[in-house]
Each structure stands twice: as C-alpha cells, then as structure tokens.
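A short reminder: the numbers here are calculations on the coordinates, not readings from a lab. Everything numeric in this text was worked out from a predicted model, so none of it was measured. A quick note on method: Cβ atoms are made from the backbone with ideal geometry, for glycine too, and the neighbour counts reach across all protein chains shown.
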Amino acid sequence: MDDYIEINRRNWNDRAAIHVKDEAGGYRVQAFLDGADNLHDIEHAEIGDVKGLRIAHLQCHFGIDTLCLARRGASCVGLDFSPVAIAAARDLQARTGLDAQFVEGNVYDARKLISGDFDMVYVTWGAIGWLPDIRRWAKVVSALLKPGGRLYLLEGHPSLMTLDEKTAELRPAYDWRTPEDRPLVMDEETTYTGDTAKLAHTTTMEWLHPLSDVVNAAIGAGLRIDALNEHELLAWQFAPLMVPVEGRRRMWKLPDGFPRLPLAFSLMATKS
Ligand SMILES: C[S@@+](CC[C@H](N)C(=O)[O-])C[C@H]1O[C@@H](n2cnc3c(N)ncnc32)[C@H](O)[C@@H]1O
C-alpha cells in the first residue's frame, strides 16, 4: 500500500507527457497559449470573480487550469506530485508570464511545501480519487485557507465511479467506499483523452470516497458548507456510451434514453 504514491506517480508522469503534447486536442494547449480560457462551464459558473484572489490549486496536473485562473486575475500556486507535470507547468508559465508558481510534492505535504494563506483552495476533475484518506486531505485544505477563505471542489460523482464503464448498461462493479488499506487496483493501457499513445506504467491505485465522507471531512476540518451541487455533465468520457454535449466545450453526458444520473458534484465551503 505504501508504494501507491510511487505507482501512481509513474502513471501520472506518463500521462502528463501525453497530455501536454495534446495530440488528441482534449487539453486545448495551443488554444490556451493563444489566449483562450480552458475552464469548463461548471466551474466558470460556480467560482465567481477570482480577480485579486490568492489561490492554491491542488493536484494541478500540468498547470493549464492554474494558469487560466491566473489569467482571470488570481495569484496562483499549483501543486502536483508529478515532476513531468510540474516541469510542463513551469514551461507554460514561462511562455505566458502569468502569475503562478508551481510546487512539486504530495498533496498531503502541501501545508509544509507552500507558504502563506489562501483565499481559495481549488481542486477539480479527478483529484481526490488518488488519495486514501479524505479527512487528512480536508485538514490540509483547511490549513491552507485563511479565515473566510473558500474551498472549491468539483469532481466526478462517486456513485458514477462505482459503475463499470465498459458495460453497455453501466453495471455496478465497485463498492461505494474503498477501504484505506485496500485500494482499487486499475490497469489501463491508454489515458482518458482519447490519445492512442500507450502508457509505460499502466497500473494505478485509487479510492472511492462517498459524498457523505467528503462533506463530513470538510465539516470535520472546520469548513462550513455553502453549497453542494450535483451535475448531469462530466469533463471526460467516462464510458464509451457517453456523448459530447453540443455547444459546450469538453463536456460529456449520458445518451438520450439512458436514466439520468449525477455525473459530477461540486462542493463549496468556507473556513470559519
Ligand atoms: C486528473 S489530474 C487533475 C485534474 C486537473 N484538473 C486536470 O485535468 O488538469 C490528477 C492529478 O493529480 C496528481 N496527483 C495524484 N496523486 C497525487 C498526490 N498524492 N499528490 C499530489 N498530486 C497527485 C496527478 O499527478 C495528476 O496531475
């Protein structure tokens, strides 16, 4: 179990190298460099004006969303444990001159690695499933926030993640709560962007955290819940049966005729 960091890091190094090349176009790297904003509609609608805010972006991947927040006028620090992702993030920062710094490290060490207090901790799309202990994560978030500072968390819905994406009817496949010491061990040859490049390190270790665990972890860490929203859209094609949403960039939904399910959730909470 202790080697989950190293196992996942190797996999994320491979993915980061593929994602930053962006041959499948999912990350819109060139459009971003040309000045486009890369945030999805959901976070755009929910985060409000970030101008002048100091934002810590945890598990920032190769920094493109961090830099989009900076382009909106925030001063940002992004943290990720993948050296490949952080090197790519620093390169994008140097090319754009936006107000962001990037720190390499485990999210659980974020308070030690990043100085200062933040107006917002920003965590989106595919982050907490890599972490065994959600309460420990929430304590780190709380420690990074100044009093009155806000958490913005936007994630794939844990109920969706219990389903087998490869089956036509999305059959239940995983327990809704993954024990800390018994991670789900996954094996994927390629990444989720549709890029056909093969990963050299295909194994990952992952955890499903029920919505109640996430909410209670935030409360337990001293955060007041401002809103919990559920969404019928997702930022990646979780299952082959999902279809792109017309008119909305990089969003996916279940096809017409399939029972409606929550595909994502967002949690907004304030440090009291
Ligand atoms: C799906 S990405 C984050 C989503 C991001 N919004 C994006 O799509 O650009 C997940 C990120 O979590 C990072 N990660 C996974 N486990 C981590 C850990 N323990 N500490 C820090 N970063 C971690 C990976 O390196 C990866 O960049």
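Brief remarks on what is shown
- Measuring spread by the Cα atoms of the range 1-103 yields a radius of gyration and Dmax of 13.7, 42 Å.
- Counted residue by residue at 0.36 nm each, then reduced by the alpha carbon distance between them, the extension gain from residue 51 to residue 99 reaches 16.1 nm.
- Loop-located chymotrypsin sites (Phe, Trp or Tyr not before Pro) across the range 55-129 with a Cβ neighbour count of 11 or fewer within 10 Å are lacking, with loop assigned by DSSP.
- Centre separation in Å (Cα based) which lies between the range 27-68 and the range 2-24: 20
- Binned Cα-Cα distances of the chain, short to long, each 5 Å bin given as a whole percent: 1, 6, 12, 17, 20, 19, 14, 7, 2, 0
- In the range 4-271, taking the dipole from charged Cβ atoms about the Cα centre, the farthest positive-side position among 120, 186, 107 is held by 120.
- Mean ellipticity per residue at 222 nm, deg cm²/dmol - from DSSP H runs of n ≥ 4 across the chain, formula -39500 (n - 2.57): -8500 deg cm²/dmol
- GluC sites (Glu not before Pro) within the range 161-251, DSSP loop, no more than 12 other Cβ atoms inside 10 Å: 169, 188, 189, 246
- Multiplying the residue separation of residue 228 and residue 135 by 0.36 nm and removing their Cα-Cα distance gives an extension gain of 31.7 nm.
- DSSP bridge pairs, the chain: antiparallel proportion in percent, nearest 5: 55
- Derived scalar couplings ³J(HN,Hα) [the range 114-120; Karplus, 6.51 cos²θ - 1.76 cosθ + 1.60; whole Hz; x for Gly, Pro]: 10, 8, x, 9, 10, 6, 8
- Phi-derived couplings, Karplus 6.51 cos²θ - 1.76 cosθ + 1.60 at θ = phi - 60°, listed residue by residue for the range 177-190: 10, 8, x, 3, 8, 9, x, 6, 9, 10, 9, 10, 7, 10 Hz, with x used for Gly and Pro.
- Among the trypsin sites (Lys or Arg not before Pro) in the range 42-120, those located in a DSSP loop and surrounded by at most 14 other Cβ atoms within 10 Å of their own Cβ are 51.
- The chain: DSSP helices with Cα axial extent of at least 18 Å and average Kyte-Doolittle hydropathy no lower than -1.0: 83-96
- Reducing the range 77-107 and the range 209-268 to their Cα centroids gives an inter-centroid distance of 26 Å.
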